[in-house]
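Asks: Below you will find the structure I want to go over with you.
The values are calculated or read from the model by the stated rules, or taken from the named source; none is laboratory data. Being a predicted model, the structure only gives us computed values, none of them experimental. When we count neighbours, we look across all protein chains shown, and the Cβ atoms used for this are built from the backbone with ideal geometry, even at glycine. Ligands, DNA and RNA are excluded from the accessible area calculation, which covers all protein heavy atoms including side chains. Shrake-Rupley method; radii C 1.70, N 1.55, O 1.52, S 1.80 Å.
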Amino acid sequence: MPELPEVELVAKSLDRLVSGQTILFAELIRERLAPQTPPGEFAARLDNSTVNSVTRRGKYILFDLSNGQTLLVHLRMSGRFMLLPLERDLPKFSHAVFYLPEEMRLVFSDQRHFGFMKIVRTPELSRSNEIAILAPEPFSDDFSPEYFKSALKASNRSVKEFLLDQTKVAGLGNIYAAEALFLARINPQTRS
């Protein structure tokens, strides 16, 4: 499962590849990828919009679009993006396709079918359920030793469960939590 550093790398790479590109046409192949948006509406809300930028919040990739909307994407376990020319066949587990100029496509594939997409009006992004619950970013000014200590004191869960809770620490997952606790010589079952 990608964690904050991997998602940051994907977002920066996508920003470099597709910022300034226009989504000529969007196609939702697997409806459950964007459960709140039927395929026709998915296409209508994204067609002919230009990608202003691609950023990240927690483990969510955020495509800021020129039409005042943001596409939220969570890769989950096996989601990935590929930039492919039109003449190439779509990969086996393609769930969404974004047709770009110069006969290129941005393809989202997901072998395990756990990926997630949602279209949100950009002014409402911070209030969307997925973003509103996220804790401060670990490298932000809001994530201070005081914040961390206070959040730990307020929890009775194991320290590993606490670290995995995205409402306490945004972006941290199993691998990095386990490694951090190992390096700090803290038993993962220790109460927060």
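Asks: Taking Glu137 and the conditions (1) within 25 Å of Thr55 (Cβ to Cβ); (2) in contact (Cβ under 8 Å) with a residue 40 or more places away in the chain; (3) not in a loop (DSSP other than H, G, I, E, B), which numbered condition does it fall short on, given that it satisfies the others?
Replies: Condition (3) is where Glu137 drops out.
Asks: Give me the residue from the stretch 140-182 that is of a type in the set (Val, Ile, Thr) and open to solvent by 30 Å² or more (accessible area, probe 1.4 Å) and, out of that set, farthest from Asn129 (Cα to Cα).
Replies: Among those residues, the one meeting the criterion is Ile175.
Asks: Out of all the residues in the stretch 173-192, which are over 23 Å from Ala154 (Cβ atoms) and not in a helix (DSSP H, G or I)?
Replies: If the condition is that a residue be over 23 Å from Ala154 (Cβ atoms) and not in a helix (DSSP H, G or I), then Arg185 is the only one that fits.
Asks: Among strands (runs of 3 or more DSSP E) lying entirely in the stretch 2-98, which contain 1 or more residues that are touching a residue at least 24 places away in the same chain (Cβ under 8 Å) and open to solvent by 50 Å² or more (accessible area, probe 1.4 Å)?
Replies: 25-28, 49-57, 79-85
Asks: Next question, about the same structure. Got a number for residues in the stretch 114-139 being of a type in the set (Gly, Ala, Ser), exposed (fewer than 15 other Cβ atoms within 10 Å of the Cβ) and over 18 Å from Asp165 (Cβ atoms)?
Replies: Adding up the residues that qualify gives 1.
Asks: Still on this model: Residues in the stretch 114-127 that are touching a Lys or Arg at 6+ places or on another chain (Cβ under 7 Å) and either more than 16 Å from Val10 (Cβ to Cβ) or of a type in the set (Phe, Trp, Tyr) (or both): how many?
Replies: 3
Asks: Among the residues of the stretch 99-113, which ones are basic (Lys, Arg) and surrounded by 18 or more Cβ atoms within 10 Å (Cβ to Cβ)?
Replies: Selection gives Arg105 alone.
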